[in-house]
1. For Arg371, enumerate residues with amide H under 5 Å from its amide H, sequence gap 5+ or separate chain, H modeled in the peptide plane.
2. When the chain is fully extended, how far beyond the present Cα-Cα distance does Ala180 get from Val297, taking 0.36 nm per residue of separation?
3. For the pair Glu148 and Ala52, what calculated FRET efficiency results from E = 1/(1 + (r/R0)^6), where r is the Cβ-Cβ distance and R0 = 25 Å, to the nearest 0.05?
4. Spin-label point model (7 Å from Cα, Cβ direction): what's the Ser244 to Leu171 distance in nm?
5. Between Leu11 and Arg139, what is the FRET efficiency for a Förster distance of 41 Å, r being their Cβ-Cβ separation, to the nearest 0.05?
6. Where the Cα atoms of segment 47-140 are projected onto their three principal axes, how long is each span, largest first, in whole Å?
7. Applying 1/(1 + (r/R0)^6) with R0 = 60 Å to the Cβ-Cβ distance of Val84 and Arg316, what FRET efficiency is obtained, to the nearest 0.05?
8. Highest mean first, how do 340-350, 262-272, 222-232 rank when packing is the count of other Cβ atoms within 10 Å averaged over residues?
Amino acid sequence: MDTTQLALLALAVGVVIGGSFALVIVLALRARARARAETSAVLPGGVREMLAAMDDAAAVVDSSSTVLAASMPARDFDMREGSVLPSEELKNLARTARGSDSPGMQRMQLRRGSTLGEPRLVAARAMSLSPSLLLIVVRDITERERDEDMRRDFVANTSHELKTPVGAVSLLSEAIESAADDPAQVRIFAARLTAEAARLSGLTSRIMSLSRLQATDDFSTVRVVAVDEVVASAVDAHAIQADSADVEVVRGGVKGLYIRGDAQILSEAVGNLLANAIAYSPSGSSVGVGVRVADDVVEIAVTDRGIGIGEADQQRIFERFYRADQARSRRTGGTGLGLSIVKHAVQRHGGEVVLWSRPGRGSTFTIRLPRVDAPADLPQPKRKRKKAEKSARAAASDLATMNGDTL
């Protein structure tokens, strides 16, 4: 073997050895980079910007469940930078997702604001960003689940309530057929059939009204409405009921006030309160409808001296199909929807309904709505400010006198 061949062989051996060293170095560098990535707490680029744009509570956590970055809504669930995940369930979800190739999902309850806050039902999702970093997204589904429960209850209650008049109509129709040869019995059954049909019609009408109020669409006939018009319409609509029950309806308070909304819906809301007041008032008594204004809020109060409502029932009186007095409500044809309709109608107009009641002393339901200025094209009589204030004070005194107590 000559010198040239030895040189080539040495060169080949050197290349192999050099390549092996280079490969070892590259593999070592890659292993070190992989190890750094697995333990690195450095956020990938754009993560903070992504979190800032999120509407849901979201946070990036490291292997020790420490929050490295969080969205603004995450603070509501006490997920802040530098803090540990506030819930053991969230920590378990993070551990499960870190050991899996697929995102982890779980429903759980988290307290909002503090350890004393109201528990909220959330849907939590954890997904891997890197070997050591996880993205946790928490979506509050409390209201959605509550709406679903209310919808299911509404359907179940509606079905139950409709069964009674529908069943009565069916039985009465069979009774009329069986008593075809007895005119007196036919007349009795026919009268009861008419009453049940009227009850069924009223129930379906109120269900439709409540459904319309709970729809997301805005009212199509919103305008500036005179409170006098709303009250007069409600009183006129229930004049026959008041006469039949021997109950006097007394109107009082400030006149010339205006609110914004749907006149028909507002009249129906006041009418529902008036109908209840008449139905639960003793014969020979009176029901008061008073209007006053306080801090740019118009208050329409309907006061009766009836049986009153106990404190336990006051908490649920606005629920759909809830009746404080089941037996009396059945006798008077009540559906249990009137006050629920009032609540939703007033809320859709940006107001609230306030209840004052004492068993044996009566009740006052007060609708509070934002006051607006009179239409520009409506001629207004000149009134001195002192006189207007005097009228407002007098109206407030009248309402307190109707209750026999201070509201």
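Taken together, the values in this text are just the output of simple stated rules run on the coordinates, not laboratory data. Remember, it's a predicted structure, so these values are computed and weren't measured experimentally. Heads up, the Cβs are rebuilt from the backbone with ideal geometry, glycines too, and the neighbour counts pull from every protein chain shown.
1. For Arg371, whose amide H was placed from the backbone, the distant partners under 5 Å are Val297, Val298.
2. Numbers: separation 117, 0.36 × 117 = 42.12 nm, distance 5.98 nm.
Here the segment from Ala180 to Val297 would lengthen by 36.1 nm.
3. 0.20
4. So the two model labels end up 2.2 nm from each other.
5. 0.05
6. Principal-axis extents of the Cα atoms in segment 47-140, largest first: 35, 26, 20 Å.
7. The calculated FRET efficiency here is 0.90.
8. 262-272, 340-350, 222-232
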